[in-house]
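Input: a single structure, listed below in structure tokens.
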Amino acid sequence: MANALDNAFSRTSLEIVWRYEGRRLRKSCFGIDRKSGKKFQENIASEFHQIRERIRGNFKPKGLLAIAKPKDTGGNRIICVPTLADRIVQFAILNEIRPALERRGLLNSISYGLIRNSNRTVGDARVQSIRFRNAHKWVYKADIEKFFDNIPRDIIVERSSKIIPQRSLHKLIISFVHTEIEDGFDPDWKKIIEKSGIFSGKGVRQGMPLSPYFAGLILRDLDKTLEKHGYNAIRYVDDIIAFFDSEEECSAFDKFLRDELDKLSLSIGIIGAKNSKTRVYKPEEAAEFLGMEIAPSQSGNYELRISDKCLQNIGAKIAGFGSVDALLQKRVTLPRLGGFLDALSSGYLQAYKGAANHSELVHEVSTMKRAALVSAIEEALGRHFTDLDKKQRRFLGIE
């Protein structure tokens, strides 16, 4: 009889993973092996075979690729990217253990972001936040400080063994707990991650498909407590938002949440402190949540909006790829330029789907994509750029 490990990594199971995740993975960043999603798909039968062989042997995850994303408040948010193959392995694990996650309370009314295709996605969390705020206009918002960097590995190992009944998967899951960064996009990536508070042997790395699962293991009891007290709350990994009818209720919840997190040796910022992400929003204020704003509308209700600052940042990021150096750093050459900019733009449009002002994003993305294309071609051609006639410019897509 096949065990959970055999079921999770049968060819059929791997094909199911690719069916649901392949489109997103094809557009995603490569890992330390620099193998793109497109390249992976071209040799997918061989890739699946190699995954199965690694699983049958003494499996060890490949190291992670660190990507530093600047924060508005200063410093960097470090996203740690596994290889495509290791992401497939993690998605296969999650598909196999999902029933256990539901039975053991990791998938609950408070938690979102643990598994895709389970009505608990970022989009679902945003929609629920609108429902809550239309009923309760005061908003409390907090992020758990340095959450992934401080997760105790021994607790994850212990709870995985207790919560997941499929014993044949335990060793595999635990191997990802101990996966470390081995490369980075930036030349000085080692200094960047150290300055960000990430140290080998401590915490788990944010950016792996299993990362939200590790968060759920630590925060499951907090979710249960919030459910028990009847709070209108949402937890998306380490982001917590709750909705109330008064400022006093927000303040009481702040104390309650601090006490509960203290039991887990975790903390949140002080309301009003510099660089703190803990905030209370008045009914007339737009509340930031998961990259959007829960903002008052002209109808008197609330709607999801993309902030002006966010629109500007997205435009600037796309325009930044008008530099040949920036493109070469991403290994984008002229034959791939159009496809790269299209994929980048499509990613932003999809990520902010559902925003009331989505048309503003469409305009910003379209404008900056063309600006980046013109700038890159102009830099590549140098003085010959001005010699292009109308037909040549139309052929290059810059007319």
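Which of the residues belonging to the stretch 119-143 are within 20 Å of I218 (Cβ to Cβ) and touching a helix residue (DSSP H, G or I) at 6+ places or on another chain (Cβ under 7 Å)?
A142
Conditions (1) aromatic (F, W, Y); (2) farther than 30 Å from N313 by Cβ, marked per residue:
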position	(1), (2)
I16	no, yes
R23	no, no
F48	yes, yes
I55	no, yes
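Contact list please: Cβ distance under 9 Å, first residue in the stretch 93-104 and closer than 16 Å to K224 by Cβ, second residue buried (at least 19 other Cβ atoms within 10 Å of the Cβ) and among the aromatic types (F, W, Y), pairs at least six apart or on different chains.
L101/Y213
Residues in the stretch 175-186: is at least one under 26 Å from K137 (Cβ atoms), touching a helix residue (DSSP H, G or I) at 6+ places or on another chain (Cβ under 8 Å) and touching a residue at least 40 places away in the same chain (Cβ under 8 Å)?
no
Can you name the residue in the stretch 347-383 that is more than 26 Å from G291 (Cβ to Cβ) and in contact with a helix residue (DSSP H, G or I) (Cβ under 9 Å, 6 or more places away or on another chain) and, of all such residues, is surrounded by the most Cβ atoms within 10 Å (Cβ to Cβ)?
Step by step, filter the stretch 347-383, then rank; the result is A376.
Would you be able to tell me the number of residues in the stretch 262-309 that are under 23 Å from the mean Cα position of the chain (by Cα) and either surrounded by 16 or more Cβ atoms within 10 Å (Cβ to Cβ) or part of a loop (DSSP other than H, G, I, E, B) (or both)?
Of the residues in that region, 24 qualify.
Kindly state which helices (runs of 4 or more DSSP H) lie completely within the stretch 143-243 and contain at least 2 residues that are among the acidic types (D, E).
Filter on the stretch 143-243 gives 153-163, 211-228.
Is it the case, given these coordinates, that G37 is out of contact with any helix residue (DSSP H, G or I) (no Cβ under 9 Å at 6 or more places or on another chain) and in contact (Cβ under 8 Å) with a residue 12 or more places away in the chain?
The answer is no for G37.
Which ones in the stretch 145-187 are over 24 Å from F59 (Cβ atoms) and either outside the structural domain of I271 (by TED's automatic domain parsing) or over 23 Å from the mean Cα position of the chain (by Cα) (or both)?
P187
Here's the yes/no breakdown for (1) more than 27 Å from I144 (Cβ to Cβ); (2) assigned by TED's automatic domain parsing to the domain that holds F185; (3) in contact with a Lys or Arg (Cβ under 9 Å, 6 or more places away or on another chain); (4) surrounded by fewer than 15 Cβ atoms within 10 Å (Cβ to Cβ):
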residue	(1), (2), (3), (4)
G22	yes, yes, no, no
F30	yes, yes, yes, no
F40	yes, yes, yes, no
L84	yes, yes, yes, no
R87	no, yes, no, no
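Please state which of the following conditions A316 fails to meet, knowing it meets all the rest: (1) touching a Leu at 6+ places or on another chain (Cβ under 8 Å); (2) part of a helix (DSSP H, G or I); (3) aliphatic (A, V, I, L, M).
Only one criterion in (1) touching a Leu at 6+ places or on another chain (Cβ under 8 Å); (2) part of a helix (DSSP H, G or I); (3) aliphatic (A, V, I, L, M) is unmet by A316, namely (1).
Kindly evaluate L64 against the criterion of being in contact with a Lys or Arg (Cβ under 6 Å, 6 or more places away or on another chain), closer than 22 Å to S211 by Cα, aliphatic (A, V, I, L, M) and assigned by TED's automatic domain parsing to the domain that holds L172.
Yes: the conditions hold for L64.
Yes or no, residue by residue, for (1) within 16 Å of K317 (Cβ to Cβ); (2) of a type in the set (G, A, S); (3) in contact (Cβ under 8 Å) with a residue 12 or more places away in the chain; (4) out of contact with any Lys or Arg (no Cβ under 8 Å at 6 or more places or on another chain):
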| position | (1), (2), (3), (4) |
| --- | --- |
| S359 | no, yes, no, yes |
| I377 | no, no, yes, yes |
| A380 | no, yes, yes, yes |
| D387 | no, no, no, yes |
| F395 | no, no, no, yes |
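The values are calculated or read from the model by the stated rules, or taken from the named source; none is laboratory data. Just so we're clear, the structure is a prediction, and the values are computed from it rather than from any experiment. Cβ atoms come from the backbone with ideal geometry, glycine included; neighbour counts cover every protein chain shown.
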